[in-house]
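Here's the structure, in structure tokens; my notes come after.
Values in this text are rule-based calculations from the coordinates and carry no lab data. Predicted, not measured: the structure shown is a model, and the values here were computed from it. A quick note on method: Cβ atoms are made from the backbone with ideal geometry, for glycine too, and the neighbour counts reach across all protein chains shown.
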Amino acid sequence: MKITHNPGHSLTTPGKESPDGYKEWSYTNEIVKLVIAELDTYEGVQQKRIDDPTGRADYPPAVRANLVNSFAPDLHIDHHMNAGGPGGWYEAGHGIETFVESFAQKTSVAIGEKVQNNLVKALEFRNRGLKENRFLVMLNSTDNAKARILIEYAFMTNKNEAMKMRTVDYQQKAAKAVVEAIVAHYGLTKKVVKVMYTDKVTVPNTAFWQASSLVQEYQKKGFKCYALPKSLKDQEPNDPAPFVVETDFAHASIVLMELKKKGYSLAVWESL
Ligand SMILES: [Zn+2]
């Protein structure tokens, strides 16, 4: 299936920010990156962002609509943070809401409901419900997304919600809620990496915390990988610990390239 993501606005859009200047795009960009990375671990998912991923340019609505139309997604998601009040921090406006253009769009409604319910459970902000708004989606009516929803994760003018949504913890909760709704609706299955373990890539000198975050990252991608030693008990927190990926010839070359790109220049590739 194909999905387009529109993280609302850009870093340079005037007014789209918390009262202390934290940009709407800075919230939604982080969530979208997490959603894309997680959905990439499922079979048959193709995704496209329709913003400038550097955040510098605010593509006009017509440009974004064209990007959606040319990709022809099954699902389009607009990711936003809400705002309310007379200016400054405004505690009265708070909570999560999800929009569809019309309640007549059954697929949008089905996905929108799942997303909304998951988000309310995960973030524990007020449930403002699934709403209808005919002109919300910046896309024109001829765009061919089969389902489209717009998420307002929280109010960036509400200090409690704004501060929480700047944390990786809440961004991950939000992303997971969205991904689980999509996985459930479309019946997606995890990619299976089938490999003969013939080769391994080792980064000899990672700090323990780096090794354990690499383990998490590569396990998520389906690799057999581990850090040595496997427990903090046997290791001082900042001592170098090797990170190892066992895989086949083709995957090993990709992993090696990735790790070198990340700056682990001492990574080595050898046969098992
Ligand atoms: Zn917005």
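Conditions tested, residue by residue: (1) within 16 Å of the ligand (Cβ to nearest atom); (2) in contact (Cβ under 8 Å) with a residue 24 or more places away in the chain; (3) out of contact with any helix residue (DSSP H, G or I) (no Cβ under 9 Å at 6 or more places or on another chain).
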{"position": "A65", "(1), (2), (3)": "yes, yes, yes"}
{"position": "N69", "(1), (2), (3)": "no, yes, yes"}
{"position": "P73", "(1), (2), (3)": "no, yes, yes"}
{"position": "H80", "(1), (2), (3)": "yes, yes, no"}
{"position": "G84", "(1), (2), (3)": "yes, yes, yes"}
{"position": "G87", "(1), (2), (3)": "no, yes, yes"}
{"position": "I96", "(1), (2), (3)": "yes, yes, no"}
{"position": "F103", "(1), (2), (3)": "no, yes, no"}
{"position": "S108", "(1), (2), (3)": "no, yes, yes"}
> Only one of D52, D40 is without any contact (Cβ under 8 Å) to a residue 24 or more places away in the chain and acidic (D, E); which?
Replying inline: D40
>> Just to be sure I understand, how many residues within the stretch 22-40 are surrounded by 21 or more Cβ atoms within 10 Å (Cβ to Cβ) and within 11 Å of the ligand (Cβ to nearest atom)?
In response: 4
> So which strands (runs of 3 or more DSSP E) are wholly in the stretch 162-272 and hold at least 2 residues that are exposed (fewer than 13 other Cβ atoms within 10 Å of the Cβ) and under 26 Å from the mean Cα position of the chain (by Cα)?
Replying inline: none
> Any residue at all in the stretch 1-21 that is more than 13 Å from the ligand (Cβ to nearest atom) and closer than 12 Å to M81 by Cβ?
Replying inline: no
>> Just to be sure before I move on: is D52 part of a loop (DSSP other than H, G, I, E, B) and either surrounded by 22 or more Cβ atoms within 10 Å (Cβ to Cβ) or within 16 Å of the ligand (Cβ to nearest atom) (or both) in the structure I sent?
In response: yes
> Of the residues in the stretch 22-56, how many are in contact with a strand residue (DSSP E or B) (Cβ under 8 Å, 6 or more places away or on another chain) and over 18 Å from G84 (Cβ atoms)?
Replying inline: 19
>> Pairs please, first residue from the stretch 197-213 and over 18 Å from S265 (Cβ atoms), second anywhere and among the aromatic types (F, W, Y), Cβ atoms under 7 Å, 6+ apart in sequence or on different chains.
In response: T198/F249; D199/F249; D199/W269
